[in-house]
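K.L.:
First the structure, then my questions, so here it is.
The values are calculated or read from the model by the stated rules, or taken from the named source; none is laboratory data. A quick note: this is a predicted structure, and the numbers were derived from the prediction, not measured. When we count neighbours, we look across all protein chains shown, and the Cβ atoms used for this are built from the backbone with ideal geometry, even at glycine.
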Amino acid sequence: MFDFIKYKYVSIGVSLALILFGFGYTFAIHGGFANSLDFNGGLRTVIEFDQSVDRKKLETYFGENNIEAVLLLLDKEKNHYQIDIGLGSIDSIFEKYKQKNALKPTDKVEVSGIDALISILVSDFGITKSKVLSANQVGAVVGGELSSTGVTLLGLTMVIILAYISFRFQFKFALGAIVALTHDLILTVAFIGFFQIKPSVPIIAALLTLLGYSINDTIVVFDRIRENASGNLNETFGQTINSSINQTLGRTFNTSFATLISIVAIIIGGATELFDFAYVLTFGIIIGTYSSIFIAAPLVDIYDHVIRRVRG
């Protein structure tokens, strides 16, 4: 039987080190998190291309022109692509537009960014403007709403979880669960920044999903601790926690493995648009499983030990 409680400070230290490294790398190397259309604004257009144009050809085109674009295949049969371009690529679009229209680099472009984009795409891919199904300049409205609403909902969720677990278990269990959830969220955000995954609505959905998964896993461990601690005078509370973790270990790993199978299937055979969602969810499930064992339960033991010492 492995002694998880013995290494509680090591596991907490490892988590703190990973969080600091993840955010440090994100801001020191990348200069912050990746920009996305939903959060930072940009250009969005939907175009019907000829069947000879595929994702690889589009990616090569935008890469050669230094335009950072996110492609979404909306209709495979009609070859409809949604193209999202961040504001950081506007200058590259205008530069390409000037080249196409024989303008000098110092000349001022009189058209909007979205019009310049449509002009160069129509010209380079030999399509008519009727094939441009929609074209809009998107503001960072979604990002603002998600930021304000998300923080509010997250705070309310934490309060409700704290109250529920305090009622069903004890306050020390609720505190351990909340800290573990916060740990999962922060570490996953650090992962997103480290790999420069673009924030989006599916990524927010992945974060909320992993929080639900993590708290479910944590409650299973806590429930076993409560059962084993009831009337048990032969073990210390720390020993009871360690025994409970070992007893639920098989169930925890089997559940996590079964869940990961479906997510890995998305990565192997799913659409490219779902890859970031799957990557974040995969990492989140691994971290959620880790925190239930190495963070949440050990924190309960630390809190219980501190309270006992204070009370004498």
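K.L.:
With the stretch 74-178 as the region, which helices (runs of 4 or more DSSP H) entirely inside it contain at least 3 residues that are more than 19 Å from ARG44 (Cα to Cα) and outside the structural domain of SER200 (by TED's automatic domain parsing)?
P.N.:
Output list reads 90-100.
K.L.:
Checking SER244 against (1) crowded, with 18+ Cβ neighbours inside 10 Å; (2) out of contact with any Asp or Glu (no Cβ under 9 Å at 6 or more places or on another chain), which test does it fail?
P.N.:
With respect to (1) crowded, with 18+ Cβ neighbours inside 10 Å; (2) out of contact with any Asp or Glu (no Cβ under 9 Å at 6 or more places or on another chain), SER244 is out only on (2).
K.L.:
Given the criterion among the aromatic types (Phe, Trp, Tyr) and either more than 24 Å from VAL14 (Cβ to Cβ) or buried (at least 20 other Cβ atoms within 10 Å of the Cβ) (or both), identify the matching residue among PHE237, PHE222, PHE253.
P.N.:
The conditions single out PHE222.
K.L.:
Output yes when any residue across the stretch 199-212 is in contact (Cβ under 8 Å) with a residue 60 or more places away in the chain, in contact with a helix residue (DSSP H, G or I) (Cβ under 8 Å, 6 or more places away or on another chain) and not in a helix (DSSP H, G or I), and no when none is.
P.N.:
yes
K.L.:
Another one. Select from the stretch 50-80 the residues that are in contact with a Phe, Trp or Tyr (Cβ under 6 Å, 6 or more places away or on another chain) and either within 29 Å of GLU110 (Cα to Cα) or at pLDDT 95 or above (or both) and list them in ascending order.
P.N.:
Of everything in the stretch 50-80, those that are in contact with a Phe, Trp or Tyr (Cβ under 6 Å, 6 or more places away or on another chain) and either within 29 Å of GLU110 (Cα to Cα) or at pLDDT 95 or above (or both) turn out to be ALA69, LEU71.
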